[in-house]
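Scroll down for the structure; my scribbles are underneath it.
The values are calculated or read from the model by the stated rules, or taken from the named source; none is laboratory data. Here the structure is a predicted model, which is why all the values come from computation and not from measurement. All Cβ positions, glycine included, derive from the backbone under ideal geometry; neighbour counts span all protein chains shown. Just the protein is used for accessible areas: all its heavy atoms, side chains included, with ligands, DNA and RNA removed. Shrake-Rupley method; radii C 1.70, N 1.55, O 1.52, S 1.80 Å.
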Amino acid sequence: MSAPTLPAALADATRDDASLRRFLHGLPGVDQVGVEARAAALATRSIKKASKLWAIDTAISMVDLTTLEGADTHGKVRALTAKARRPDPDRPDTPQVAAVCVYPDLVAAAVEGLKGTGIGIASVATAFPSGRSSRQVKLADVALAVESGATEVDMVIDRGAFLEGRYGAVFEEIQAVKAACGDAHLKVILETGELVTYDNVRRASWLALLAGGDFIKTSTGKVSPAATLPVTHVMLQAVRDWFTATGELRGVKPAGGIRTTKDAIKYLVAVHEVAGEQWLTPELFRFGASSLLNDLLLQRRTQHDGHYSGPDHVAVD
């Protein structure tokens with residue numbers, strides 16, 4: 001195995017499969033009661049109006065506006081890119097979203113719709129959402145996305161291999177995908193709803209970071225449970241500890257099930273309290289979402305206007 005330039009202790013962990021297993025199983029166990037209690041406590045925090053306006057705009061700027069359905073069309077992607085560019089056409093001061101996320105064969109349509117905006121073009125890959133295919137097929141998936149203009153790739157790990165303890169195989173696959181990404185940023189989807197335990201979430205997070213993932217992402221949005229606050233806490237702890245060990249900043253992306261402004265603010269509080277203020281930027285924290293943006297826009301109008309506008313005033317996907 002080879003790895004990015006790492007401190008000696010971490011480089012040694014990736015030397016071979018036995019070393020990787022020893023490292024991952026040597027990570028401190030997650031206190032289930034403690035992490036769930038802290039997540040619940042932080043979720044009850046209230047914020048003042050000025051802070052809420054900032055939180056809403058920050059959350060909008062962190063959205064990966066997503067459509068990942070079998071019925072997706074070029075027209076739907078064009079409509080999504082229009083919304084990404086101008087989320088609320090009547091309020092030109094509304095921030096743009098961070099990225100649009102689509103399937104690889106629709107990346108070209110997203111590129112066309114986002115030309116000159118600076119908005120990221122994300123594509124899922126590696127036999128999303130199951131991850132069940134050959135390495136050759138998975139890398140072809142990545143190549144299609146990147147050659148079509150994707151600036152970000154959201155891959156899925158082989159959960160079967162991970163749960164069987166074949167950590168080396170998962171590590172090498174992430175590395176191969178990272179290499180195939182070229183200049184595109186790599187988000188590694190752990191599908192935490194299938195990992196069973198918080199300890200596995202911690203191990204998978206560190207495995208993805210060791211292999212070179214720029215972001216670790218909770219879920220595909222196709223499995224329940226998807227993103228949860230306790231799981232996101234564990235992943236935020238991982239990127240915080242990675243920064244302490246290496247000086248490198250890596251990101252976190254919860255995805256699936258985050259639908260309201262209230263939900264989004266709970267996650268922003270968690271980011272601030274668990275990882276730190278420097279993670280409160282689209283470069284290091286994203287929301288994978290389809291319906292969240294609409295609620296953020298409605299609540300933004302409410303905060304500015306002093307009354308609830310209702311969904312008729314915001315274009316619904």
ask   = Quick one: how many residues across the range 159-199 are assigned to a loop (DSSP other than H, G, I, E, B) and closer than 25 Å to LEU65 by Cα?
value = 5
query = Quick check, is GLY116 open to solvent by less than 50 Å² (accessible area, probe 1.4 Å) and part of a loop (DSSP other than H, G, I, E, B)?
reply = no
task = Being at pLDDT below 95 and among the aliphatic types (A, V, I, L, M) is the filter; apply it to the range 274-317 and report the residue that is surrounded by the most Cβ atoms within 10 Å (Cβ to Cβ).
result = ALA289
query = Given ALA122, ALA98, which one is in contact (Cβ under 8 Å) with a residue 60 or more places away in the chain and in contact with a Gly (Cβ under 7 Å, 6 or more places away or on another chain)?
reply = ALA98
request  = Report yes if LEU65 is part of a helix (DSSP H, G or I), in contact (Cβ under 8 Å) with a residue 40 or more places away in the chain and crowded, with 19+ Cβ neighbours inside 10 Å, otherwise no.
outcome  = no
inquiry  = Looking only at the range 152-198, how many residues end up being under 21 Å from ALA13 (Cα atoms) and either in contact with a Cys (Cβ under 8 Å, 6 or more places away or on another chain) or small (Gly, Ala, Ser) (or both)?
reply    = 6
task = Inspect the range 35-43 for any residue being open to solvent by less than 10 Å² (accessible area, probe 1.4 Å), under 23 Å from the mean Cα position of the chain (by Cα) and within 22 Å of LYS187 (Cα to Cα) and give the result as yes or no.
result = no
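The rows are residues; the columns are (1) in contact (Cβ under 8 Å) with a residue 12 or more places away in the chain; (2) over 21 Å from THR151 (Cα atoms); (3) touching a helix residue (DSSP H, G or I) at 6+ places or on another chain (Cβ under 6 Å).
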position	(1), (2), (3)
LYS187	yes, no, no
GLU191	yes, yes, yes
LEU195	yes, yes, yes
ASP199	yes, yes, no
ARG202	yes, yes, yes
GLY212	yes, no, yes
LYS217	yes, no, no
THR220	yes, no, no
VAL223	yes, yes, yes
inquiry  = Within the range 142-162, does at least one residue satisfy the condition of being surrounded by fewer than 18 Cβ atoms within 10 Å (Cβ to Cβ), modelled with pLDDT of 95 or more and β-branched (Val, Ile, Thr)?
reply    = no
remark   = Note on the range 245-259: residues touching a helix residue (DSSP H, G or I) at 6+ places or on another chain (Cβ under 6 Å) and of a type in the set (Val, Ile, Thr) are VAL252, ILE258
note = Scanning the range 247-263 for residues that are among the hydrophobic types (A, V, I, L, M, F, W, C) and open to solvent by less than 20 Å² (accessible area, probe 1.4 Å), the one farthest from ALA8 (Cα to Cα) turns out to be ILE258
ask   = Going through the range 1-34 one residue at a time, which ones are part of a helix (DSSP H, G or I), open to solvent by 80 Å² or more (accessible area, probe 1.4 Å) and either at pLDDT 90 or above or in contact with a strand residue (DSSP E or B) (Cβ under 7 Å, 6 or more places away or on another chain) (or both)?
value = ARG21, ARG22, HIS25, GLN32, VAL33
